[in-house]
Structures are given as C-alpha cells and as structure tokens.
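The values are calculated or read from the model by the stated rules, or taken from the named source; none is laboratory data. Quick caveat: nothing in here was measured; it's all calculated off a predicted structure. All Cβ positions, even for glycine, are placed from backbone atoms using ideal geometry, and neighbour counts span all protein chains on display. Please note that ligands, DNA and RNA were not included when accessible areas were found on the heavy atoms of the full protein model with its side chains. Shrake-Rupley method; radii C 1.70, N 1.55, O 1.52, S 1.80 Å.
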Amino acid sequence: MNEQTMSRTANTFGVFHPLQPLTAEEIEVAGNVVREDMGDAVGELRFETIDLKEPPKSEVRAYKRGAPLRRAARVNVYRTGSIGVWRYDVSLTELRVLSKREFPTERPMIQLEEFLEIEAAVKRHPDFVSACCKRGIENMDLVCVDPWPAGSFGGSDEEGRHVSHAFCWMRSGPNDNLYAHPIEGLNPIVDVKTLEVIRIDDRGLMDVPKAEANYAKEFQEITRNDLKPIDVVQPDGVSFVMEGRRIRWHDWDVLIGFNAREGLTLHDISYAGRPICYRASLAEMVVPYGSPVEQHARKNVFDIGEYGLGKLANSLKLGCDCLGAIHYLDCHIADVNGGVMTIENGICIHEEDAGILWKHWDFRTNQTESRRGRRLVISSISTVGNYEYGSYWYFYLDGEIEFEMKATGIINTVGCEPGHPGPFGTEVAPGVLGQIHQHIFCARLDMSVDGDCNAVIECDTVRLPMGPENPYGNAFRVEETALKNECGRPRNPQAQRYWKFESRERTNYMGKPTAYKLDPVNSITPYHDPEGPSGKRMGYIYNHLWATKCDAEQRYPAGEFVHGSDGSGGLPDWVKAGRVIDGEDIVVWHVFGLHHLPRLEDYPVQPCVRTGFRLMPSGFFDQNPNLDLPSDVNKASCKVSR
C-alpha cells in the first residue's frame, strides 16, 4: 500500500501519533480481520483483547507530525467450549493478518460479560439451589455469585479446564449490601468456557449473617450539613494543552494511552524536551489472602492479569470523582464479541494545588521568598468485584513523577461463628469476617533518562566504624553499585536503599550522569511461601526491583497468560538470561503494595488507603528548575474571622 493510502487510513481513523491507543474504528477493523480469518459460523469466537501493537522505538523516535503512520493491532481470541488462545498481529493499514500463533493450553482473562453468565449458570444448578434451601435461602434472585480465578491447586476434575472458584453472598432486598451476608462454606466450581458447574463444594452449614450494613445514601437517615463547599475554580482556564491524546503542561509532554488489561498507560514522557520514561504502566496486581481454610487458601487473584483493569474502568463523574476544571478522555476497548466498548470519561485530567514548592526567610534581611507548587493529575478508577482501585499519576513542577494507588470499595467478607473469628482476620460485624491479605502491585517503567542508554545504580547508606576515618562516630555515606546484568533486588531498609536510573550519554553541571531516583518507601514483605501453589505463580513479588533489558514481548511480570499458570514465563525466568543492562535500553519493574488486616472502620465501605512510589530527579537538572516561577500571591484567598 502506498504512502498516500497509509496516510489517508491513519487520518480516517483520527490517529496523529504512533502510540495513540486504538480508535473505535480501528478496533472494529481488527475484529473483522480476525473474525474472517478464524471463521465464526456458530458464534463461538470470543475476544479477550484488541490493543495497539506498539511500533518499534526507532519508528516512534523518527516520527514527524503529519507523516504517514503504519498502524497494527494485537488481538487475543479464544473459542467457547475449550481452553486455548490465539494471538494475532493485524495490520490496520493493509487490512491483513501479519502473524498468528496458537497457545493451546492457555486461558484468557475472565471477561466482564462472563461474570453474569457464570452467576446465572450456578443459580440454576439444582445442587446449588438445594444447598441454598438447606440454609433457608429460597429466593435465588437475592443470591449473588462472584467468580474468582481458581489458581493452580490440582484436582482431576479441574485439569484441562478454564476454572472459576466462586464465592457467594445474598441480599436482604434489591439494593442491600450483599457483602454483609456471606454464605459461608458454599463454593461453586465452574468451567468458564462451557459454563458447566463442575461441582458444588458444600462444607457445612453456617448461619448467614442477617444484620444489614448499608452505605448508600438511600439508607442514611441523617446527612450532616456542617461542611461548607470547597470549590476549585480556574477563571482563566487550565494551563495544559491537549492535542488528541498528547498533553503539554508546564515543561511536561506526555502521551496518554489505555488498554483493556493495564488500563491507563503513559508514553514518551519528557520534561523540557528531555526524555525521562518511554512507557509507564501498572503491569500487574495480585491479592494473596492469608487464611489456610481450604476454600479461602485459593484466594490469590491477579486483578490485572486475570480480569483486566481497563475492561473494568469506571465512567467518571464531574464534581464527584473529579473536582475542578476537568478534561476527560473516552476509552475504547473491545467487547467479548470483538465490537467496541466505549467507557465515557474513563480518564480524568486536571490541575490541583500542591502546597509550598519552596520557601526561605532570611532572618538578617527579613526578606521572604516563597513559591506555590501545583501538579497535573491523570487518573482512572476501576472496580474489580468488591474493590475499587484508583490509579493516579502526578506530575510536579520540579520534575517529580508520582504514582498513587487509592484502594477503596468493600472488603472481601466471609462468614464466621459470631465472636469466634479465628486468627486470620477481623470480625467487623457479628458473624462477618474480613481476612488478612495484601495488595501487591508491579509498575513497569521503560526508562529513557536523556536517551535509551541507561544504567541502574543501587544506593546503600553505610555507617563507617569508629577509627581514623571516623574519630567521632558520626560518619555515614552512600555507596553506589552499578547493576551489570539482569536481576531482581530486595529493598534494604537498614541501608535506606534506593535506586537511580542514570544516563550513560549525558552529564550534569558537576560532571555526573543525569539521573532519576526511585525510593521504595511502600514496598512490603510477602508472606506466602514461594514454593506453595500460590507462591509459585507470583514469583515477581519476592523482589522489590527487577531490572531487565528492554524486550517488547516481555510485558507482564507474571507472564502473558495468568489463569491456571504455573509461574513460568515471567520476571524470575527472564532475568535468568543475565543480559547486560549497564548502558543498555532497560526496563525496571517496581513492586510495592498494601498490607491489610481489615479494621472495623473499613466496614461497610472502606475509606481510601494509599500506596505508590515517586520518581525524583537526581542530578537531572543543574539546579532547582523552578527559580523562574512568578512570586504571585493568590488574591482569592481570604481571612476567616470565625
């Protein structure tokens, strides 16, 4: 196809950057190409994902605005009735299949559309209905079944299947909080592909808690009125400029992406024209639970790799989810049939005050200099069953990048004998138990600090022994070690360990490599045995930083296909190659998280708990980059007399 046709195709799709996520039209085109190749006479073909196949970095670096674009999609499809996934690369420019590969033993993510199919299959099964009747539950319309991934726990009747191990609750009325009424000991096992109920595990009767615990406004008898409104007003408009999916704010330049698995992604991040990070995303999240009780020991869900954070993204609401002068982006992904699913207002963009940026009072001259900080916020919120996950990327005036995860929603509840919760959780209401668990995230950061030739430096603070070099016992310093080959490294709090990502091509004013640093302040200790059935599947959690040579096919730390996985094909395997990373194009993977023993205050709906990380310039600039900010005084501020 000639350049004129390619250019016309790209413009028809409304694409003006090679990393822009697929448009609705492109998703439809990719779906049609694959459907034609696979054949779908009986309607058994289903689509897991249709995402942008990102072009090589060389093409992106060489791209000039308005130039012809070659666009391609990566498509994962499967058929109902049996396991197996086909991966396609599809040219959207030439409307043809570029490559096709079958993975006959792999299983796709559970799709949003399949949640209710699984629930319906369970609720019409006679053994399940009988088990509910034994517990005094006769109205099946009030019963709720949440499909969880089953992990890899063996069992001959589960082998060779795509299995969901489900948990059950009930409502007392149409809008009642179902998680207040766990049906303990009743766990359906379902084949996701055939919707066959393999078996109903009934571990004995336990009373279903009857007390309601509702949080919705319709159930609140009193609403307080002592809090006055806080309005965020920008009378002169916002300071950022959008060009499609590209945003420019202050000295920042970022391309905003989105896909069904990772959700919000960021690309080609630069400050004042200098590259910092080529691609940043939350690549995986696993939630291991701590109860050894048989049905709960299986709870070890990969919320990104087994469900998809993007597929479950919310449509955000102005003045509630997002406050102030807001710009929204719609998000287009594929539905299970290969059509287009549009999440309106799936991404929120706004500015907010960030407090004092810098200040000093000279007591000799009585002169004060102070500058106010602000930050650009790019966010998305996803609901995975009972939990909400808010992904917030912050860009600060001084060159800092922060990722914050806000976890809210409802804790996963199980039943217990009232007053006897056992040692593995907190009884948050009579007969309702919240189990100890962790949320372990992994960010994938394709660093490009002043170019693609980077290095990873491990920085430990050491105390010198008293002696000639430390006569007063006060000396301590930072020792730096370059990581030469691919590896995984733990956090070392005793050494105040952090990592720097240095340029091997540019130096600063003092002759040192320009760099960014990562301080792992929210790393957590995993408690699953790495040789256990769940521990084997999440090997990436046992280090807090992994460093690999950039490979476009190494995208997810627990592997491409996580359902029923054995733990192979992820970070622990990749680093065994031992490729050189000093002075190479590198990817770093940061593992951080939340350690959560539920509190009474987390019930019936959990206030936000937060975790995340910061990337801070460390010799990237020659001095404070914000000396040029105006010394404005906010004239809208006022004194309050009471």
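Accessible surface calculations at 1.4 Å, restricted to protein heavy atoms, place the range 429-512 at 50 Å² per residue.
Taking a ≥ b ≥ c as the square roots of the eigenvalues of the alpha carbon gyration tensor, the range 312-361 is prolate, as a/c is not under 1.5 and a/b beats b/c. Each label was represented as a point 7 Å from its Cα along the Cα-to-Cβ direction; for residue 194 and residue 327 these points are 5.2 nm apart. For the range 195-292, the per residue solvent-accessible surface stands at 53 Å², with DNA, RNA and ligands left out and a 1.4 Å probe.
Report the Rg/Rh value for the range 499-552, based on alpha-carbon coordinates and the Kirkwood definition of Rh. Rounded to two decimals, Rg/Rh equals 1.17.
Taking only the C-alpha atoms of the chain, the Rg (one decimal) and the largest Cα-Cα distance, Dmax (whole number), read 26.3, 85 Å. Computed from Cα atoms, the angle from the helix 24-38 axis to the main principal axis of the chain rounds to 50 degrees.
Charging the Cβ of each Asp and Glu at -1 and of each Lys and Arg at +1, and nothing else, the dipole of the chain about its Cα centre rounds to 1380 debye. At q = 0.11, 0.15 Å⁻¹ the log10 of I(q)/I(0) for the range 492-625 amounts to -0.56, -0.93, computed by Debye summation with a single uniform scatterer per C-alpha, solvent ignored. Simple point charges give the picture: +1 on the Cβ of Lys and Arg, -1 on the Cβ of Asp and Glu, and for the range 42-86 a dipole about the Cα centre of about 380 debye.
Apolar share of the accessible surface for the range 454-495: 52 percent from carbon plus sulfur atoms, 1.4 Å probe. Counting charges near residue 204 (Lys, Arg +1; Asp, Glu -1) among other residues having Cβ under 14 Å from its Cβ returns a value of -3. Pairs of Cα atoms in the range 310-430 fall into 5 Å distance bins, from 0 up to the last occupied one, in shares of 2, 9, 13, 13, 12, 11, 9, 9, 9, 6, 3, 2, 1, 0, 0 percent.
Once C-alpha pairs closer than 8 Å and six or more residues apart are averaged by separation and normalised to the residue number of the range 298-397, the relative contact order reads 24 percent. Taking only protein heavy atoms and a 1.4 Å probe, the accessible area of the range 173-331 is 51% carbon and sulfur.
Quote the FRET efficiency, to the nearest 0.05, computed for residue 634 versus residue 243 with a Förster distance R0 of 22 Å and r equal to the Cβ-Cβ distance. After rounding to 0.05, the efficiency reads 0.15. Think of the chain as having a plus end and a minus end, set by charges on the Cβ of Lys, Arg, Asp and Glu; of 267, 334, 143, 267 sits farthest toward the positive end of this dipole.
Axis angle, to the nearest 10 degrees, between helix 3-13 and the longest C-alpha principal axis of the chain: 60 degrees. Rounded, prolate or oblate: which one fits the range 409-524, using the alpha carbon gyration tensor with axes a ≥ b ≥ c (rounded when a/c is under 1.5, else prolate when a/b beats b/c, else oblate)? Oblate shape, in that a/c is at least 1.5 and b/c is the bigger or equal ratio. The accessible area of residue 93, taken with all protein chains in place and a 1.4 Å probe, comes to roughly 10 Å². What is the sum of charges, Lys and Arg at +1 and Asp and Glu at -1, for the other residues whose Cβ falls under 11 Å from the Cβ of residue 475? Net of charged neighbours comes to +1. Charge tally around residue 625: other residues with Cβ under 12 Å, Lys/Arg +1 each, Asp/Glu -1 each, net -3. In this rough spin-label picture, where each label sits 7 Å from Cα along the Cβ direction, the residue 505-residue 64 distance is 2.0 nm. The long axis of helix 112-123 is offset from the longest Cα principal axis of the chain by roughly 20 degrees.
Distance between the C-alpha centres of the range 105-150 and the range 578-642: 40 Å, rounded to the whole angstrom. Split the accessible area of the range 579-639 by element, probe 1.4 Å, and carbon with sulfur accounts for 55%. Given R₀ = 45 Å, what would the calculated FRET efficiency be for residue 40 paired with residue 228, taking r from the Cβ atoms and rounding to 0.05? With a Förster radius of 45 Å, E is 0.20. If you sort the three axes of the alpha carbon gyration tensor as a ≥ b ≥ c, you get a/c of 1.5 or more for the range 162-251 and a/b no higher than b/c, which makes it oblate. You can think of it this way: the chain between residue 337 and residue 102 has 82.7 nm of extra reach, that is 0.36 nm per residue less the Cα-Cα gap.
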